[in-house]
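Have a look at the structure below, then the notes.
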Amino acid sequence: MVSTLGAQQAYGGSATHDVTNQAPPLAPYDASEDTALLEGLRREGAGWAEEDLRRLGRQAGSVQARKWADLANRHEPELRTHDRYGNRVDEVEFHPSWHHLMGAAIAAGLAASPWADDRSGAHVARTAGGLAWGHTEAGHGCPTSMTYAAVPALRRQPELAKVYEPLLTSREYEPGLRVPTEKRGLLAGMGMTEKQGGSDVRTNTTTATPSSEPGVYTLRGHKWFTSAPMSDVFLVLAQARGGLSCFLVPRVLPDGTRNTFRIQRLKDKLGNRSNASCEPEFDGTVAWLVGPEGQGVKTIIEMVNCTRLDCVMMSAALMRTSLVEAGHHARHRSAFGARLVDQPLMRNVLADLALESEAATTLTLRLAGAADRAIRGDDRETAFRRIATAVGKYWVTKRGPAFTAEALECLGGNGYVEDSGMPRHYREAPLLSIWEGSGNVNALDVLRALSREPGTAEALFGEFARAQGADARLDAAVTRLKNRLSGASQTTARRLVEDMALTLQASLLVRYAPPAVADAFCATRLGGDWGYAFGTLPEGADLGAIVERALPGGN
């Protein structure tokens, strides 16, 4: 009988399972090794946070963090409505990897801690951290985002803010439902939409009945899409006698009893699988009024500004991590006698993706800078933030799905397999254009800003003016926008907002990016020398310079 080794030697071949021409594991790598990210951090006033950002970037790209991300998505949250004795508990159980991710994110200041930080640029530093830590996975970004956004809304009721803000801004993660004031740190969620209205929250039917105690109400109704139900407190919209109002709902009451928060089911979502989203029912649920009755939308508008910025941030982070994965594969995979990255067609694809990623990252950090300065009282930045955040939310999140699909294709069949991680990015991307207002909602919001707040248009065009004369294509785009404003309508709103976004991104790149990047972006996104797919940059574009800027050091 011939041995296996003897048979192999007889045939003169290598073992069939030998692995060749496959990219090595990407991790460990530094997720903060991104020139556009680091330049934007410094430019927007948070250069003091660079050391922390680099530390977080190395952690995000570590083997351990990537394992946490994979396990948190493979072992999805489970709803436990009752305990063994039949008592209603309405708890959601998560894999330990979820808790590791949450703990790291909150310790790094990615939840509400910037509200307790007086340093200029604190909100920029948080956004930059989110761009780096977003290389792990997106699901746990939902509760950190809502916790961040809850603080400015809660400040509308100072006595509640005095109690809960120090716990929301804590950098300590303490999971589990207990009396909020007995914990070291809290998470906040929100319950806005209902099945009959969705984004049209004024049609909400959940009712709020005042009790004998001032400021205390009981709620009755059913919310349709409430994420992170394991959170400690929720901002909820309900109809009071004075109209739609905002309320703070704790999961556990001050006396230690469970508030009525019946989780009917967890949503079976396309992506965002690590994060639980549910339908809660309120029935005699205790709630505290936040802001005056009838001003619920006005109370939460600052919350929406924050969560919309985070949608832009998370889309940009998805783009960047997908690009890093695609570039890593292309640098190590060969076909037809050459590495993929050295083949002109693939190089064009990577360069085009790099342009889109840098434009998204640069815009995200500009929006974060505007938010930081607006929070500190800058009226001009407040006006710019008001319109530019809606513009950025519309466009960057729209580009995410097409971007992740193209990056996935760079890996070929390998990218279509779950353990590559690329399918998770692809499923995640569409969510960000839906949450916090779909494309139509944000386009309408831009029209509303233009008609009701004329200072927003002035601030936007003031931003464009900073790059005036630097590129003829950009100047022409600004002129076209001015001409279109007078005829703006719902029918043309999407085209108008798209043009605003591209013009804004181009103006930022012309001012801050190298000529190779700015020229290629203006030639394609503004000049019309652009195909419908990624990878259609024109002859003459400096593909090598663009790719090397985006993927330095062999990523």
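Data for the structure
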| read-out | value |
| --- | --- |
| Test result for V286, of a type outside the set (F, W, Y) and assigned to a strand (DSSP E or B) | yes |
| Which listed residue is farther than 27 Å from S438 by Cα and of a type outside the set (A, V, I, L, M), from K162, K223 | K162 |
| Unique match (being acidic (D, E) and in a strand (DSSP E or B)) among E302, E281, E325, E293 | E281 |
| Test result for K223, within 26 Å of R265 (Cβ to Cβ), among the basic types (K, R) and crowded, with 17+ Cβ neighbours inside 10 Å | yes |
| Selected residue (only one of A443, A405 is touching a residue at least 40 places away in the same chain (Cβ under 8 Å) and more than 14 Å from the chain's Cα centre (by Cα)) | A443 |
| Segment 11-61, subset free of Cβ contacts under 8 Å to residues at least 60 places away in the same chain and among the charged types (D, E, K, R), residue farthest from L101 (Cα to Cα) | D18 |
| Odd one out for P214 among (1) crowded, with 16+ Cβ neighbours inside 10 Å; (2) free of Cβ contacts under 8 Å to residues at least 24 places away in the same chain | (1) |
| Residues located in segment 62-90, provided they are of a type in the set (S, T, Y) and either more than 28 Å from N259 (Cα to Cα) or touching a residue at least 60 places away in the same chain (Cβ under 8 Å) (or both) | S62, T81 |
| Entirely in segment 154-244, the strands (runs of 3 or more DSSP E) that have 2 or more residues that are touching a strand residue (DSSP E or B) at 6+ places or on another chain (Cβ under 9 Å) and among the polar types (S, T, N, Q) | 207-210 |
| Condition check for P152: under 24 Å from E381 (Cβ atoms) and buried (at least 17 other Cβ atoms within 10 Å of the Cβ) | yes |
| Given (1) surrounded by fewer than 20 Cβ atoms within 10 Å (Cβ to Cβ); (2) under 16 Å from E436 (Cβ atoms), index of the condition L270 fails | (2) |
| Residues (among the aliphatic types (A, V, I, L, M) and surrounded by fewer than 20 Cβ atoms within 10 Å (Cβ to Cβ)) located in segment 396-411 | A402, A405 |
| Answer residue from segment 276-295, given it is touching a Ser or Thr at 6+ places or on another chain (Cβ under 6 Å) and under 30 Å from R74 (Cβ atoms) and is surrounded by the fewest Cβ atoms within 10 Å (Cβ to Cβ) among those | S277 |
| Residues (closer than 19 Å to T362 by Cβ and under 23 Å from the mean Cα position of the chain (by Cα)) located in segment 461-506 | V497, E498, D499, M500, A501, L502, T503, L504, Q505, A506 |
| Hits in segment 421-440 - residues which are among the aromatic types (F, W, Y) and over 11 Å from the mean Cα position of the chain (by Cα) | Y426 |
| Top-ranked residue of segment 184-199 - restricted to ones that are touching a residue at least 12 places away in the same chain (Cβ under 8 Å) and surrounded by fewer than 19 Cβ atoms within 10 Å (Cβ to Cβ), ranked as nearest to L248 (Cα to Cα) | T193 |
| Residue within segment 158-167 that is surrounded by fewer than 20 Cβ atoms within 10 Å (Cβ to Cβ), out of contact with any Ser or Thr (no Cβ under 7 Å at 6 or more places or on another chain) and among the hydroxyl-bearing types (S, T, Y) present | no |
| Helices (runs of 4 or more DSSP H) fully within segment 408-506 counting 1 or more residues that are assigned by TED's automatic domain parsing to the domain that holds R525 and over 19 Å from R386 (Cβ atoms) | 422-428, 472-485 |
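The values are calculated or read from the model by the stated rules, or taken from the named source; none is laboratory data. These numbers come from a predicted model, not from an experiment. For neighbour counting, all protein chains shown are included, and Cβ atoms are generated from backbone atoms with ideal geometry for every residue, glycine included.
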